[in-house]
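The values are calculated or read from the model by the stated rules, or taken from the named source; none is laboratory data. Note that the structure is a prediction, hence the values are computed from the model and not measured. We place every Cβ from the backbone using ideal geometry, glycine too, and count neighbours over all the protein chains shown.
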Ligand code: F6P
């Protein structure tokens, strides 16, 4: 879908009703760098995907203001027009105290719900105090929505697992509101979910929504099954709907995507060519084969297995020594959480150990760039690579895979992709791997570096066609068409 079509759809379907998006993460973060305020884009698939949609739809996005310079650039309601250089919508920032952040974000969201939903053998931690703070912060978000729309009829689009109770709380405050929620991470099966001590309240909170979206039908089915086993309600399986206490919730799959045209266009610009040259020069990236991985440092992303696979590939194919570099771009993430400290250390040590064992002269096999990289640098890296490894142990979708494909305007490059990422359902032309199997990944690297150009081009062209057809505007368009089926009273 093209931007203009989405614009027409929004006008036609949402009319003049206010449109409010709510998420934990904000799309633009203002930070002090020395004496200057800089505006950064966070490493978040969610915000990267939704920002172009909001630029087309307009409206207000409410999110946690997490930058140290955020308070310095907003008005008295916490608002700022973004993107700053060409404003298209309003960002309304909500401030959280350190204790609120610790309990709601580091605590319940990222130590309980995140491991609970991903099932990668990291135990969820359920602390009563975190849960209480999570509820309190959801209430604060509900107050912010109420302050924004008052008693007006409005559409509210809630994002992700940080805000499972929000819809219910909004509906206690605002009478004329339709809410939809998109759950960006996997929804586990009942056996996994049942250990959550507050499962009933979470499900009740989510069922206040008129529409709930997941990336895949598999997650929709898991959700229906979980609700069926936990709550008294009527499940209408053929309609993918749940009725509880007279209120109906539709459950649908909407595989999220990226701004294919925007990324392709950017990839063709001079600034990306310049950045590719800079990277080649600065990091001495002149080898015959370049592989790339781009991730937040998270234990769900399968980074250690990937690095071990590089090592194994080189052991099996010593002829590639000196001719091959793997660039791992890593954005530190959730750094106050113990499991994230551990994965950081594990990756640091592994890179150091492999490089120490294998380096010679000016060459080492792994280039580890652990810092925040701009969208231009990321596209440049994607364009430099012969192959990209996206190997999460479990992922709702994984937008790096879709960004890689969108950036390959040359139609070349091989994608090595985990079978357990939502993206694998669409990208059957990627080299699909079991991310737990170091052997399997090493074998795929071998196939990638030996793949004939014609086959690479064929596979890439099919994958580009899929993302072009199902881009972020069609994702938003499909959700908006579904939301618009719920009639709002005139305010
Ligand atoms: O995958 C879930 C998710 O919330 C994404 O939507 C987002 O890209 C990522 O995690 C970022 O996490 P955080 O906001 O905690 O940095």
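Numbers at a glance
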read-out	value
Some residue of segment 413-428 being surrounded by 15 or more Cβ atoms within 10 Å (Cβ to Cβ), over 22 Å from the mean Cα position of the chain (by Cα) and modelled with pLDDT of 95 or more	yes
Which listed residue, of 151, 160, is in the same structural domain as residue 111 (by TED's automatic domain parsing), surrounded by fewer than 23 Cβ atoms within 10 Å (Cβ to Cβ), touching a residue at least 60 places away in the same chain (Cβ under 8 Å) and within 16 Å of the ligand (Cβ to nearest atom)	160
Count of residues meeting criterion [part of a helix (DSSP H, G or I) and away from the ligand (no atom under 16 Å from the Cβ)] in segment 73-119	3
Residue check for residue 171: farther than 20 Å from residue 111 by Cβ and part of a loop (DSSP other than H, G, I, E, B)	no
Filter result (touching a residue at least 40 places away in the same chain (Cβ under 8 Å) and within 16 Å of the ligand (Cβ to nearest atom)) within segment 181-205	182, 183, 184, 185, 186, 187, 188
Residue in segment 318-335 that is nearest to residue 387 (Cα to Cα), counting only those that are in contact with a helix residue (DSSP H, G or I) (Cβ under 8 Å, 6 or more places away or on another chain) and within 16 Å of the ligand (Cβ to nearest atom)	329
Sole residue being over 24 Å from residue 263 (Cβ atoms) and touching a residue at least 12 places away in the same chain (Cβ under 8 Å), chosen from 425, 408, 383, 419	419
Answer residue from segment 280-304, given it is surrounded by fewer than 20 Cβ atoms within 10 Å (Cβ to Cβ) and touching a helix residue (DSSP H, G or I) at 6+ places or on another chain (Cβ under 8 Å) and is nearest to residue 122 (Cα to Cα) among those	304
Boolean, residue 89 is surrounded by 19 or more Cβ atoms within 10 Å (Cβ to Cβ) and closer than 27 Å to residue 338 by Cα	no
